[in-house]
Amino acid sequence: MATRQLKLGAFLLHNGHHVAAWRHPQADNGSKPFALYKKLAQTAERACFDAVFFADSVALSSGVGGLEPLTLLSALAAVTEHIGLIGTATTTYNEPYHVARKFASLDRISGGRAGWNLVTSDNASEAANFGRSEHVAHGERYARAREFHQVVQGLWNSWEDDAILSDKENGIQFNKEKLHALNHRGDYFSVAGPLNVSRSPQGHPIVVQAGGSEAGKNLAAETADVVFTAHPNLASAQAFYRDLKSRVVQAGRDADSLKIMPGLFPVVGETLEEAQEKFQTLQDLVVPNDGLALLGRMIGNFDLSAYPLDEPLPELPLTDNGQQSRQKLLTQLAQGENLSIRELYLRIAGGRGHFTLIGTPETIADQIQLWFENEAADGFNIMPPYLPGGFDDFAELVVPELQKRGLFRCSYEGITLRENLGLAFPKHRQ
């Protein structure tokens, strides 16, 4: 086995990542959602994936929506043993104590397998569900997120690792000197603490982020263990990888203490022709309104319904409500290839701006290896086109090819997510 090993996450989204996944003849449309996710998590665990990952939104943005991640992950903890359990919770429409307590609880339940995907909400429609007439501006979202993370980390450090004594003979449950109140007072939050959940075998949950803006990269460099990111090609991924790793070092951390995992949308076939046919089946099922809604949401929460589908993308102002990095990526794609609105939404209907591979297990493994060995990725967040078949194809066909090449594990290294990701145990700090 190679010394450095790939990291793989399974990004499980509703019916799958293609916008037409719900129409695929073999798609499971979620009449029994837990049965589907249990099967997928166990498939991922058999394939030795590092983690399953669930995104989240606190507003209906497209389709029928999905389950609340913490509830789902807690249930999956009971039917899995090794795989990491990562879920999203926004810092924009949550409170730090709630987030710290829920993820610490998941970490204890799972024996140290929890991860928090820290996001600032890019879906402007969430605001109305929390008593706001307007979405929080981009700069303020990140300022709040920075303090939010500080509070959550402080709460996770309420208990020292050896604070719990459970000394029945002497009647001492815990060492009071090793329990610490937070007493945080900041611009956005006032939190006394301590947290009423003690630390887990991995210390505390890992922290995942996905921001690609300057503010997002700086926050990730200072605080994240893993970064999920979107890059359609090798050059873009390499530039991001080198930039972010240098920021990690500038923040006083070891470059390898943060794992960069771009999204990968794979369509796998025994032959190239079979893979292309699988992809075209999904493309032919795209409902125009769904494609347009996806594009408008991803390019900055703009309503594009007034523009002709077969004409170029209009010039849009810089979004203050959505993901600025994704708006830049999609605008450059449209302008660089002179794409119409229809062509652009079809281009992102599957990968949504992420790296897309359509091919055989061998050709897909070739590209994964190329990125991994050339400073573009520490691993990938796999985005199946539809569920469950699209994920089964990758787990059963591509993973064995990666294992054969010595790039990916055949068994788990440890019992916690932190161990399997190759991350150091976090020392308690008051």
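The values are calculated or read from the model by the stated rules, or taken from the named source; none is laboratory data. Treat the numbers as computed from the prediction; the structure is a model and nothing was measured. When we count neighbours, we look across all protein chains shown, and the Cβ atoms used for this are built from the backbone with ideal geometry, even at glycine. Accessible surface areas use protein heavy atoms only, side chains included; no ligands, DNA or RNA. Shrake-Rupley method; radii C 1.70, N 1.55, O 1.52, S 1.80 Å.
Some values worked out for this structure:
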{"quantity": "Positions within segment 269-283 being in contact (Cβ under 8 Å) with a residue 24 or more places away in the chain and either farther than 27 Å from Thr331 by Cβ or open to solvent by 50 Å² or more (accessible area, probe 1.4 Å) (or both), in sequence order", "calculated": "Gly269, Glu270, Thr271, Leu272, Ala275, Gln276, Lys278, Thr281"}
{"quantity": "Unique match (being touching a residue at least 12 places away in the same chain (Cβ under 8 Å) and open to solvent by 40 Å² or more (accessible area, probe 1.4 Å)) among Thr363, Thr319", "calculated": "Thr363"}
{"quantity": "Helices (runs of 4 or more DSSP H) fully within segment 362-430 counting 2 or more residues that are among the hydrophobic types (A, V, I, L, M, F, W, C)", "calculated": "399-404"}
{"quantity": "Failed item in (1) assigned to a helix (DSSP H, G or I); (2) open to solvent by 20 Å² or more (accessible area, probe 1.4 Å); (3) more than 19 Å from Glu373 (Cβ to Cβ), with Arg253 passing the rest", "calculated": "(1)"}
{"quantity": "Some residue of segment 85-95 being at positive phi and either in contact with a strand residue (DSSP E or B) (Cβ under 6 Å, 6 or more places away or on another chain) or open to solvent by 70 Å² or more (accessible area, probe 1.4 Å) (or both)", "calculated": "no"}
{"quantity": "Scope segment 25-42; condition farther than 16 Å from Pro69 by Cα, modelled with pLDDT under 95 and not charged (D, E, K, R); matching residues", "calculated": "Pro25, Gln26, Ala27, Asn29, Ser31"}
{"quantity": "Residue in segment 400-419 that is least open to solvent (accessible area, probe 1.4 Å), counting only those that are out of contact with any helix residue (DSSP H, G or I) (no Cβ under 9 Å at 6 or more places or on another chain) and under 24 Å from Phe355 (Cα atoms)", "calculated": "Gly406"}
{"quantity": "Output for segment 42-69, where each listed residue is over 30 Å from Tyr345 (Cα atoms) and touching a residue at least 40 places away in the same chain (Cβ under 8 Å)", "calculated": "Thr43, Arg46, Ala47, Cys48, Phe49, Asp50"}
{"quantity": "Condition met for Thr80 (part of a loop (DSSP other than H, G, I, E, B), surrounded by 21 or more Cβ atoms within 10 Å (Cβ to Cβ) and either at negative phi or over 16 Å from the mean Cα position of the chain (by Cα) (or both))", "calculated": "no"}
{"quantity": "Test: residue in segment 330-352 that is surrounded by fewer than 20 Cβ atoms within 10 Å (Cβ to Cβ), within 22 Å of the chain's Cα centre (by Cα) and not hydrophobic (A, V, I, L, M, F, W, C)", "calculated": "no"}
{"quantity": "Considering residues of segment 299-316 that are within 24 Å of the chain's Cα centre (by Cα) and among the hydrophobic types (A, V, I, L, M, F, W, C) only, the residue least open to solvent (accessible area, probe 1.4 Å)", "calculated": "Ile299"}
{"quantity": "Answer from Ala75, Ala100, Ala114 - the residue that is closer than 25 Å to Leu258 by Cβ, modelled with pLDDT of 95 or more and more than 15 Å from the chain's Cα centre (by Cα)", "calculated": "Ala100"}
{"quantity": "Count of residues meeting criterion [in contact with a strand residue (DSSP E or B) (Cβ under 9 Å, 6 or more places away or on another chain), surrounded by fewer than 24 Cβ atoms within 10 Å (Cβ to Cβ) and assigned to a strand (DSSP E or B)] in segment 201-217", "calculated": "1"}
{"quantity": "Residue match in segment 52-72 (condition: surrounded by 23 or more Cβ atoms within 10 Å (Cβ to Cβ) and part of a loop (DSSP other than H, G, I, E, B))", "calculated": "no"}
{"quantity": "Number of the exception - Gly296 against (1) open to solvent by 20 Å² or more (accessible area, probe 1.4 Å); (2) under 24 Å from the mean Cα position of the chain (by Cα)", "calculated": "(1)"}
{"quantity": "Test: residue in segment 163-173 that is in contact (Cβ under 8 Å) with a residue 60 or more places away in the chain, surrounded by fewer than 19 Cβ atoms within 10 Å (Cβ to Cβ) and either charged (D, E, K, R) or not in a loop (DSSP other than H, G, I, E, B) (or both)", "calculated": "no"}
{"quantity": "Residues satisfying the stated conditions in segment 104-153, i.e. charged (D, E, K, R) and open to solvent by 30 Å² or more (accessible area, probe 1.4 Å)", "calculated": "Arg108, Arg132, Glu134, Glu140, Arg144, Arg146"}
{"quantity": "Filter result for Arg185 (open to solvent by 20 Å² or more (accessible area, probe 1.4 Å) and in contact with an Asp or Glu (Cβ under 8 Å, 6 or more places away or on another chain))", "calculated": "no"}
{"quantity": "Residue in segment 123-137 that is at pLDDT 95 or above, out of contact with any strand residue (DSSP E or B) (no Cβ under 6 Å at 6 or more places or on another chain) and not in a helix (DSSP H, G or I) present", "calculated": "no"}
{"quantity": "Extreme residue, nearest to Leu370 (Cα to Cα), among residues of segment 235-250 that are aliphatic (A, V, I, L, M) and surrounded by 19 or more Cβ atoms within 10 Å (Cβ to Cβ)", "calculated": "Ala237"}
{"quantity": "From the options Pro194, Pro232, residue that is more than 26 Å from Ala255 (Cβ to Cβ), surrounded by fewer than 24 Cβ atoms within 10 Å (Cβ to Cβ) and touching a residue at least 12 places away in the same chain (Cβ under 8 Å)", "calculated": "Pro194"}
